[in-house]
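Read-outs: derived from the displayed coordinates by stated rules, not from any lab. Predicted, not measured: the structure shown is a model, and the values here were computed from it. So basically every Cβ, Gly included, is an ideal-geometry build from the backbone, and we count neighbours across all protein chains shown.
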6 protein chains.
Amino acid sequence: MRILIANVNTTEAITEAIAEQARSVAAPGTEIVGLTPWFGAESVEGNFESYLAAIAVMDRVLAYDQPYDAVIQAGYGEHGREGLQELLNVPVVDITDAAASTAMYLGHAYSVVTTLDRTVPLIEDRLKLSGLYERCASVRASGLAVLELEADPQRAVEAIVEQAERAVRDDKAEVICLGCGGMAGLDEQIRQRTGVPVVDGVSAAVTMAESLVRLGLSTSKVRTYATPRAKKVIGWPMRFGR
Amino acid sequence: MRILIANVNTTEAITEAIAEQARSVAAPGTEIVGLTPWFGAESVEGNFESYLAAIAVMDRVLAYDQPYDAVIQAGYGEHGREGLQELLNVPVVDITDAAASTAMYLGHAYSVVTTLDRTVPLIEDRLKLSGLYERCASVRASGLAVLELEADPQRAVEAIVEQAERAVRDDKAEVICLGCGGMAGLDEQIRQRTGVPVVDGVSAAVTMAESLVRLGLSTSKVRTYATPRAKKVIGWPMRFGR
Amino acid sequence: MRILIANVNTTEAITEAIAEQARSVAAPGTEIVGLTPWFGAESVEGNFESYLAAIAVMDRVLAYDQPYDAVIQAGYGEHGREGLQELLNVPVVDITDAAASTAMYLGHAYSVVTTLDRTVPLIEDRLKLSGLYERCASVRASGLAVLELEADPQRAVEAIVEQAERAVRDDKAEVICLGCGGMAGLDEQIRQRTGVPVVDGVSAAVTMAESLVRLGLSTSKVRTYATPRAKKVIGWPMRFGR
Amino acid sequence: MRILIANVNTTEAITEAIAEQARSVAAPGTEIVGLTPWFGAESVEGNFESYLAAIAVMDRVLAYDQPYDAVIQAGYGEHGREGLQELLNVPVVDITDAAASTAMYLGHAYSVVTTLDRTVPLIEDRLKLSGLYERCASVRASGLAVLELEADPQRAVEAIVEQAERAVRDDKAEVICLGCGGMAGLDEQIRQRTGVPVVDGVSAAVTMAESLVRLGLSTSKVRTYATPRAKKVIGWPMRFGR
Amino acid sequence: MRILIANVNTTEAITEAIAEQARSVAAPGTEIVGLTPWFGAESVEGNFESYLAAIAVMDRVLAYDQPYDAVIQAGYGEHGREGLQELLNVPVVDITDAAASTAMYLGHAYSVVTTLDRTVPLIEDRLKLSGLYERCASVRASGLAVLELEADPQRAVEAIVEQAERAVRDDKAEVICLGCGGMAGLDEQIRQRTGVPVVDGVSAAVTMAESLVRLGLSTSKVRTYATPRAKKVIGWPMRFGR
Amino acid sequence: MRILIANVNTTEAITEAIAEQARSVAAPGTEIVGLTPWFGAESVEGNFESYLAAIAVMDRVLAYDQPYDAVIQAGYGEHGREGLQELLNVPVVDITDAAASTAMYLGHAYSVVTTLDRTVPLIEDRLKLSGLYERCASVRASGLAVLELEADPQRAVEAIVEQAERAVRDDKAEVICLGCGGMAGLDEQIRQRTGVPVVDGVSAAVTMAESLVRLGLSTSKVRTYATPRAKKVIGWPMRFGR
């Protein structure tokens, strides 16, 4: 099967890192295709950038002209997943949801460690909308921006470990979710340092997407995610930047 | 003062109707400027269209080159308000929030009557995110699409009255919110028919925006709605369609 | 229009301060009438005093024999608003609700800074009943009694600023509500000191009441706030102290 | 021990019925003293009347000049209990709370059947404030006013049974609480008719008050229910109507 | 009347301590019978041990061949109460519920102080299922195992007092519940040390059970707690260890 | 890898049906081993039977003496999963959780259709404890007992379809979960009849268990699910019935 994994920002290096992480956990026979949006911010760290990414991801996925079986949106706490669900007939998995719902199998409560403090409310709100917030002990910021994670992985590990340890000690988290697509690949180090299971959203999303495809399940079209009605839409598809 | 009121869809006639309603309640000295997005759907009735509108509204508001004191987003249950709050320093009022928070002064519980059933979950989710859902008795669909409301106002009144009556009788609503920017102007008829206060979101948003300006209050910039960080953003501003 | 603003305690100086604050934000043409209850506590800081104030305010408002367009109850977290809503046909605005619902337009979460610790649960409970608690980050006590606020405004500012700063830093509040009618007029100083929007409930209530009157909206009479049934009531009106 | 049981309305016949019911379940050695407020409504069916009753009950209880061990407030969903808790050092039991917390021992969910529809939101709100709403399946109105219950008990039984049956069938209630002090004594009939346990709040409150006294437990005075601070209170005690 | 009080662990000394505490508060004429399970852990401090205890308690109670009027399950936060409710026609009272629902009469919020940290989530979950969590300020662990409590009561008092004081100061608890059947008898000392009411679950359960019996109330059999259907059950009753 | 799938009741035919369903979705290389408890009820339809099954499943799994990689508990809404998590180091997946968390990827709200009405509250409570209830539209009973499902699959399909259709129409479910291990294999028929995705918990649990194993994730041992402390446990392991 073929799974598209869409980065939410326009930094190609992150797309590559995400796709590489995805491939490392994919089942034999699963092809991973990384997609980078054609427009939007180089890193997504707030509502404006996230809304722009939502549209850019939808635009980029629709422009992909080969068959595929599922789509993963690889942004943590970002807008847009519901739009993809309307536009597509294949299953859509957001890494925020995948990490949280996987974590809930592993412990009584989980925490998310993310990048900047300003993204914390977005993640909390997305988890609430997804119905996965009840067992969330906390969402904590490492204080590092997305591109800083990329630039200095070891510093990232230190900052994430510090917040993960506080989450376990103070917030009573029993599992840690890595709250940024760009953290893919750091899970093993952080697990060793904290002693609790660490869930990488990209990895969790890949196995979830594979599972949905294998089970023949896809988005319900009876109400919220019904295909958009036929109507006049100006400037769509955008193909902006192409 | 000058208040921009942004339609979420690209149908000019709705922008005009909204602006007219806004002017009818504005204080002396308040200038209302209606804005129509340069791209997006002719009517917004779902997540994809709403996400596209979110970006189109931000783009259109940023392109407005005269001074203004507040911005109203005139879509019911739509995405995007948080993005405007980040991008602007003036207060931003969403009509969904304005209708609900006004209704809560008038009765113990309120219901929203909107257009199509598929938009009900969007409205519920936006109210939850805004923290205004607790006293919401129900969100009910009239079954009429946005453009049908425009085309046949009397049929719209009948359909809305029917749902409003059920909301009062079955869901124990004590106030009705008109759940669509395009319903502006129907409030008086529906109030007479149902006997309960009817809140039009556009009207409520105008007086709320005026109040915030008068009180010298605007969006907090310390966390969630801080100005976006300086970074490379491809394809922005869009000015798409111009 | 004429708006009655009822102090909840019997200290005339507070009534005057509240009315002065109200006048400073009122629109041209709005007359503000301050009312002091004829009986009750010199300051209201707990349930017994608040229940007594509830009745004293209803009694005092009913005794006002001139026409008026709206009533503001200027006590933070106090009982009684629902009773006024039953007895009157004009809109009733409580400053607790007005501050909270205004704050929700300005940030993702708000905190209230009030007087004594013992009043914190009352405020929390009133916000819960009003359906405005979801986005409340915290209610914090400055430790100063109502009359101490009156006696030493500068000390009050210091105590409030300290708690406001903690609310922003520790509780992640993005907006501060001044949780006492007697704090009216301190908002500007506290805003400068904390860097976040500060909402004074009296001011917010005045513009809200004006808005409701302008929009022709008043309390729904179909259920919770229906006019009391005709029946024998001993000792009412009280006019106690007259 | 001596337990005061305060009627919330000024109808002596109801006080007598309540006291009689209380005596029928009291332990040997428990003396029940029924108190009727000196002012207020002949029946309490809404917020204004309930707020007035709150003060009238406090006033009446404080005027009782013999020793006593506990106080029961015998109004369903009424204001005031917190005020009594502040003013007194003996335990205070509200029949709304007593019925609900007793019902929760008996089934997975309970419903309340009360008098008029307009009192339903008051009861719901009081249960929410008391933290006893989570397992409440519904609050249903029989449509009979308080004094109608008194006048025609058999009609009352029929109306209550009808709503109780609906609560069991449609709302999945497993226990019924009689939601009015004036329903005391009807429990056995209704239990036979519906087949589920029926909790009379007065009876439950008596055994609860006895239990608290026996266990040497009374209201915590550290925060919410601390004794009112010494201050000038005009017109208190009221002794109105004496 | 006769009340069975079932210890959840197999340590006879704890059964005796519990029964002694129960007898000290029981009404004249109430006979307390302590039961020790025939199999299971010497102390219950986690889910496996608690599930085993659930079955062992049901088995032990069913093996009791004399008449009785009520059953108390004397484990804090343990599984099994619903099973007893299905199997028996007499009322069943869990000490977790009894402590919490009693505490709610005494203050605005309560905390539980229990044994080991690992039992905290169990207690929280049981309170949530019972619908008694809303007013729970916190569940805190003293760090002492059940058998350590038994072995060194004075050390237990110190550890519990420390957590109780934090609960009052930091979590705003106004009442403390002793979160372990083995803490029975420590309440008076802890009350003196902390100045807030202290509720011992065993004592509260005894008066509650007596009250239910006196009121003629027992478990509803219409749905959740209906008697198990007749069917083939292998290995039941267990009488294991006999 | 090898996955143990434990039936909760003692009917071998159900174990076989469950194992067969599991094998039909398992990845190549996954070995499914069905386990039937050695004691307990022939069908589990209530709390007593479920608590007994909890222990019987733990006992049966511990008695399995070959290596395995994950355990599935194949009972819908049953007790016991937390006990297995404590006792084992491999991941444990409950079909209730697996169905719900899978359904949440497919629609805005899901409903569960189960067997008898008496099991509905158990399922609701388990979903609440698992933090997966927020997006649950309803749990509905088909009215068929577990063994009736086995005996007459076509009648089962009819009864389930009827409730599924009501869930979609009245409760606004967009996905249906089959709420009984014994319904495994009916999903395709029901999907065709209702037009919405149908999630079989056994199938979802198999792919979830495989995913966890593949990702190297297992139960967190830092708190709630820590290995039981070494202590004296009478009568364990049970091996009852062997």
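Brief remarks on what is shown
- Contacts under 9 angstrom Cβ, first residue in region A:38-53 being touching a residue at least 60 places away in the same chain (Cβ under 8 Å), partner crowded, with 24+ Cβ neighbours inside 10 Å and among the acidic types (D, E), 6 or more apart: A:S43/A:E49; A:V44/A:E78; A:G46/B:E82; A:N47/B:E82; A:S50/A:E78; A:S50/B:E82
- Residue that is nearest to the other protein chains (Cβ to nearest Cβ), among those in region F:112-124 that are in contact with a helix residue (DSSP H, G or I) (Cβ under 8 Å, 6 or more places away or on another chain) and in a helix (DSSP H, G or I): F:L122
- Members of region C:125-157 found to be more than 14 Å from chain B (Cβ to nearest Cβ) and under 17 Å from the mean Cα position of the chain (by Cα), listed by number: C:V139, C:R140, C:A141, C:A145, C:V146, C:L147, C:L149, C:E150
- Sub-6 Å Cβ pairs linking a first residue in region C:210-227 that is at negative phi and at the interface with another protein chain (Cβ under 7 Å from one of its Cβ atoms) to a second residue that is small (G, A, S) and assigned to a loop (DSSP other than H, G, I, E, B), at least 6 apart or interchain, are C:S220/B:G107, ordered by first then second residue.
- Checked against the criterion of being outside any loop (DSSP other than H, G, I, E, B), closer than 30 Å to F:T30 by Cα and touching a Ser or Thr at 6+ places or on another chain (Cβ under 7 Å), the candidates F:V157, F:V199 yield just one match: F:V199.
- Region B:210-242, residues that are part of a loop (DSSP other than H, G, I, E, B) and within 20 Å of C:A26 (Cβ to Cβ): B:L215, B:G216, B:L217
- Residue within region A:163-176 that is in contact with a Ser or Thr (Cβ under 7 Å, 6 or more places away or on another chain), basic (K, R) and either buried (at least 22 other Cβ atoms within 10 Å of the Cβ) or not in a helix (DSSP H, G or I) (or both) present: no
- Matching residues in region F:197-233 - criterion: being closer than 18 Å to E:E78 by Cα and β-branched (V, I, T): F:T224, F:T227, F:V233
- Selection within region E:125-159 - in contact with a strand residue (DSSP E or B) (Cβ under 7 Å, 6 or more places away or on another chain) and surrounded by fewer than 19 Cβ atoms within 10 Å (Cβ to Cβ): E:S138, E:A141
- Of all residues in region D:97-111, none are away from chain E (no Cβ under 13 Å) and assigned to a helix (DSSP H, G or I).
- Helices (runs of 4 or more DSSP H) within region D:1-95 that include 3 or more residues buried (at least 24 other Cβ atoms within 10 Å of the Cβ) and within 12 Å of chain C (Cβ to nearest Cβ): D:47-63, D:81-87
- Residues of region F:105-117 satisfying the condition of being touching a residue at least 12 places away in the same chain (Cβ under 8 Å) and crowded, with 22+ Cβ neighbours inside 10 Å: F:L106, F:G107, F:H108, F:A109, F:Y110, F:S111, F:V112, F:V113, F:T114, F:T115
- Just one of (1) assigned to a loop (DSSP other than H, G, I, E, B); (2) touching a residue at least 12 places away in the same chain (Cβ under 8 Å); (3) surrounded by 22 or more Cβ atoms within 10 Å (Cβ to Cβ) fails for E:A205. It is (1).
- Residue in region D:186-198 that is nearest to the chain's Cα centre (by Cα), counting only those that are of a type in the set (V, I, T) and more than 7 Å from every other protein chain (Cβ to nearest Cβ): D:V198
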